[in-house]
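Trainee: So that we are looking at the same thing, I have put the structure below in structure tokens.
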Amino acid sequence: MQALRNVIEDYKKQSRALGHFNISDSNQLEAIARASKETHLPTIVALSEGERAFFPISHAKALVDIYNEEGAQLYLSADHTYSVEKVAAAFHDGVDAVVVDGAQRLFDENVALVRQCVALGKTQNREVLVEGELGYIGTSSTVLPTLPEGVAVTEDMMTQPDRLNDFVLQTGIDLVAPSVGNVHGIVTSGQPKLAIDLIGRLAQMVDVPLVLHGGSGSSDEEFVQAIEAGVSIIHINTDIRLLYRNGLQDSIAQHPDVVAPYKFIEPVVETLKAYLAQKMHLFARE
Ligand SMILES: [Zn+2]
């Protein structure tokens with residue numbers, strides 16, 4: 001299978017983006033694997049610190065290897081990791097990439113944390129990618145009544161191109177996630193709009209691929225604009241969580257006498273697969 005770095009580089013050159021989809025269990029992983037097999041497209045499966053406390057990376061890795069032998073093209077990412085120790089554990093458990101989240105730290109402290117993780121990555125006996133984040137966009141992948149305090153809504157509060165370039169050069173990261181009007185979670189009082197012009201200027205300024213976090217709640221049209229402006233990876237978590245939870249509720253409500261999990265879970269996996277396949281086609285521009 002092609003190395004993740006090469007897949008991302010090819011996608012960047014072709015103005016396409018990879019989906020980075022979070023899971024909490026093997027049913028959601030099954031849905032992503034079905035979507036990858038059906039579309040013949042590569043995709044990134046992600047587990048945050050909370051998610052991997054329930055569904056360990058090592059378990060996900062074992063299944064990802066099996067799915068890839070069956071024809072899927074899945075890569076594994078340790079999403080939002082806050083310490084060097086947790087990054088080391090994720091490398092040990094077999095991830096292809098790690099998201100080091102120092103976005104709430106001061107610039108120099110963020111750089112120091114990320115640099116340590118980049119150095120650790122270089123000591124692994126296989127290639128691992130390290131992503132850094134600059135600019136706070138919230139931390140909660142849920143439905144939120146209002147925008148979390150501190151998240152940038154005006155362009156002057158968002159990540160500035162020269163600052164992002166300093167961050168990339170000082171850390172040596174492979175991927176970078178800026179604040180561009182995106183927010184983690186879905187904001188019911190009004191989802192902020194993505195700053196497409198700023199994404200374009202950031203992409204011009206830095207050599208490494210740009211990653212868009214907080215994709216949930218954005219429209220397909222916005223995704224296409226962001227990809228055309230220079231985003232190479234798009235994170236979606238909350239929308240997947242909602243589909244899964246609401247799908248299970250509906251499935252159980254529609255078949256109150258069914259007790260076999262493989263019967264009431266199957267339609268939810270198919271619903272998720274259809275959603276993911278649509279996003280994978282959209283992001284890959286095909
Ligand atoms: Zn994120």
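The values are calculated or read from the model by the stated rules, or taken from the named source; none is laboratory data. Treat the numbers as computed from the prediction; the structure is a model and nothing was measured. Quick reminder, even Gly has a Cβ in these numbers, built from the backbone with ideal geometry, and neighbours come from all protein chains shown.
Trainee: Any idea how many residues of the range 180-233 are within 16 Å of the ligand (Cβ to nearest atom), in contact with a strand residue (DSSP E or B) (Cβ under 7 Å, 6 or more places away or on another chain), over 17 Å from Asp10 (Cα atoms) and hydroxyl-bearing (Ser, Thr, Tyr)?
Mentor: The total comes to 1.
Trainee: From (1) within 16 Å of the ligand (Cβ to nearest atom); (2) of a type in the set (Ser, Thr, Tyr); (3) in contact with a strand residue (DSSP E or B) (Cβ under 7 Å, 6 or more places away or on another chain), pick out the condition that doesn't hold for Tyr75.
Mentor: (1)
Trainee: Using the structure shown, decide if Ile227 is under 22 Å from Arg5 (Cα atoms) and either surrounded by 19 or more Cβ atoms within 10 Å (Cβ to Cβ) or touching a residue at least 40 places away in the same chain (Cβ under 8 Å) (or both).
Mentor: Numbers: under 22 Å from Arg5 (Cα atoms): yes; either surrounded by 19 or more Cβ atoms within 10 Å (Cβ to Cβ) or touching a residue at least 40 places away in the same chain (Cβ under 8 Å) (or both): yes.
Taking the combined requirement at face value, the residue satisfies it.
Trainee: Of the residues that sit in the range 84-98 and are away from the ligand (no atom under 16 Å from the Cβ) and out of contact with any Pro (no Cβ under 9 Å at 6 or more places or on another chain), which one is farthest from Arg5 (Cα to Cα)? Show your work before the answer.
Mentor: Residues of the range 84-98 that are away from the ligand (no atom under 16 Å from the Cβ), as a first pass: 84-85, 88-89, 91-94, 96.
Right, trim to out of contact with any Pro (no Cβ under 9 Å at 6 or more places or on another chain) and you get 84-85, 88-89, 91-92, 94, 96.
Details: Val84: 22, Glu85: 24, Ala88: 19, Ala89: 21, Phe91: 16, His92: 19, Gly94: 15, Asp96: 9 Å.
Per the criteria, the residue is Glu85.
Trainee: State which residue is surrounded by the fewest Cβ atoms within 10 Å (Cβ to Cβ) when the search covers only the range 99-138 and only residues that are away from the ligand (no atom under 16 Å from the Cβ) and part of a loop (DSSP other than H, G, I, E, B).
Mentor: Taking the candidates together, the pick is Asn125.
Trainee: Looking at the range 139-176, which of its residues are out of contact with any Ser or Thr (no Cβ under 6 Å at 6 or more places or on another chain), of a type in the set (A, V, I, L, M, F, W, C) and crowded, with 16+ Cβ neighbours inside 10 Å?
Mentor: Selection gives Leu144, Leu147, Val151, Leu164, Phe167, Val168, Ile173, Leu175, Val176.
Trainee: Sort out which residues of the range 236-264 are aliphatic (A, V, I, L, M), without any contact (Cβ under 8 Å) to a residue 60 or more places away in the chain, touching a Ser or Thr at 6+ places or on another chain (Cβ under 9 Å) and in a helix (DSSP H, G or I), and write them in order of number.
Mentor: Our first condition is that a residue be aliphatic (A, V, I, L, M); within the range 236-264, this holds for 236, 240, 242-243, 248, 252-253, 258-260.
This time we only want the ones that are without any contact (Cβ under 8 Å) to a residue 60 or more places away in the chain, so: 243, 248, 252-253, 258-260.
The next check asks that each one be touching a Ser or Thr at 6+ places or on another chain (Cβ under 9 Å); those that pass are 243, 258.
Hit for the range 236-264 is Leu243, nothing else.
Trainee: Just to be sure I understand the filter: pairs with C-beta atoms under 8 Å, separated by 6 or more residues or on different chains, first member in the range 92-110 and closer than 19 Å to Phe21 by Cβ, second member within 16 Å of the ligand (Cβ to nearest atom) and of a type in the set (Asp, Glu). Which pairs pass?
Mentor: Every condition considered, the pairs that remain are Ala97/Glu131; Val98/Glu131; Val99/Asp79; Val99/Glu131; Val99/Glu133; Asp101/Glu133.
Trainee: Hey, another quick one. If only one of Ile233, Ile227 is outside any helix (DSSP H, G or I), closer than 24 Å to Leu74 by Cα and in contact with a Phe, Trp or Tyr (Cβ under 9 Å, 6 or more places away or on another chain), which one is it?
Mentor: Values: Ile227 fails: outside any helix (DSSP H, G or I).
Just a single option satisfies the conditions, and that option is Ile233.
Trainee: Residue by residue through the range 177-199, note down the ones that are part of a strand (DSSP E or B) and buried (at least 22 other Cβ atoms within 10 Å of the Cβ).
Mentor: Of all residues in the range 177-199, those part of a strand (DSSP E or B) come to 177-178, 186-187.
The answer is Ala177, Pro178.
Trainee: To continue, here is another question. Please determine, by comparing only the residues of the range 145-176 that are within 18 Å of Ala112 (Cβ to Cβ) and either among the aromatic types (Phe, Trp, Tyr) or assigned to a strand (DSSP E or B) (or both), which one is farthest from the chain's Cα centre (by Cα).
Mentor: Phe167
Trainee: Is at least one residue of the range 142-157 in contact with a strand residue (DSSP E or B) (Cβ under 6 Å, 6 or more places away or on another chain), within 15 Å of the ligand (Cβ to nearest atom) and farther than 19 Å from Gly217 by Cβ? Give the steps one after another, and end with the answer.
Mentor: Step one: filter the range 142-157 for residues in contact with a strand residue (DSSP E or B) (Cβ under 6 Å, 6 or more places away or on another chain), giving 143-144, 147.
The next check asks that each one be within 15 Å of the ligand (Cβ to nearest atom); those that pass are 144.
From what is left, the residues that are farther than 19 Å from Gly217 by Cβ are none.
No, that holds for no residue.
Trainee: Say we look at the range 36-66 and pick out the residues that are of a type in the set (Gly, Ala, Ser) and within 16 Å of the ligand (Cβ to nearest atom); which of these is farthest from Asn6 (Cα to Cα)? I'd like the intermediate steps shown before the answer.
Mentor: Taking the range 36-66 first, the residues of a type in the set (Gly, Ala, Ser) are 36, 46, 48, 50, 53, 58, 60, 62.
If we keep only those that are within 16 Å of the ligand (Cβ to nearest atom) as well, we get 46, 48, 50.
Values: Ala46: 19, Ser48: 24, Gly50: 29 Å.
If we take residues in the range 36-66 being of a type in the set (Gly, Ala, Ser) and within 16 Å of the ligand (Cβ to nearest atom), then Gly50 is farthest from Asn6 (Cα to Cα).
Trainee: Quick check on this structure: which one of Ala260, Ala284 is within 30 Å of Arg5 (Cβ to Cβ), at pLDDT 95 or above and away from the ligand (no atom under 16 Å from the Cβ)? Steps first, answer last, please.
Mentor: Numbers: Ala260 fails: within 30 Å of Arg5 (Cβ to Cβ).
Criteria check complete, one pass: Ala284.
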